[in-house]
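Asks: The structure under discussion is supplied below as structure tokens; questions concerning it will follow.
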Amino acid sequence: MNAPSANPWGRTLGRVAVIVIAALLLTGWTLIALRAAPAWSANPERSNAGEVQFTLTPRDVSGGRFRVDIVVTTHGGDLASLDLKADTELRIGDRKLQPIKAPALRGHHAKGRLEFALDRVPDAFEIVIRGVRTMGDLTFRWP
């Protein structure tokens, strides 16, 4: 049997301190997570209509790379004539970045990931794909 504690308030204060510290940490992490979410994250996907259909979905930044998933579909010829690495540009204000990685397109349906050298998720940006067949330049904007 355990001996009664000489100071019952000590245990109670210790428990209260642990609860208060845990609540403060949880509140801080929640505020950081809310602040870190970009404006476009609630509705990230952007698509177009036309001879070649693009669907772009920004993901995250990891390892100094901003990742954007891309799905491309056409029913009018092969996609191999489109060079996403050469013809794609990420614009953040006046800053323009070419992808450091882009999928090679083949066939009628292709998907992959664009990657740009970036250390944080931008709040607002656009991705431009230049010279898409008869459609010309396509611009996808967030938010």
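Quick note: the coordinates plus some simple rules give every number you see, no bench work behind them. Please read all numbers here as calculations on a predicted model, not as lab measurements. FYI the Cβ positions are ideal-geometry reconstructions off the backbone, even for glycines, and counts take in every protein chain you see.
Asks: What aspartates and glutamates does Lys111 reach when the alpha-carbon gap must be under 17 Å and sequence neighbours fewer than 8 apart in one chain are set aside?
Replies: Hits, sequence-local ones excluded: Glu45, Glu51, Asp69, Asp78, Asp83, Asp87.
Asks: Just from the alpha-carbon atoms, what are the Rg and Dmax of the range 40-142 in angstroms?
Replies: Here Rg and the maximum Cα pair distance are 12.9, 38 Å.
Asks: Under a plain spin-label model, where a point goes 7 Å from the Cα along Cα-to-Cβ, how far apart in nm are Asp119 and Thr57?
Replies: 3.0
Asks: ³J(HN,Hα) across the range 57-73 via Karplus (A = 6.51, B = -1.76, C = 1.60, θ = phi - 60°), whole Hz, x for Gly/Pro?
Replies: Result, ordered by residue: 9, x, 10, 6, 10, 8, x, x, 10, 8, 9, 9, 6, 9, 10, 10, 9 Hz.
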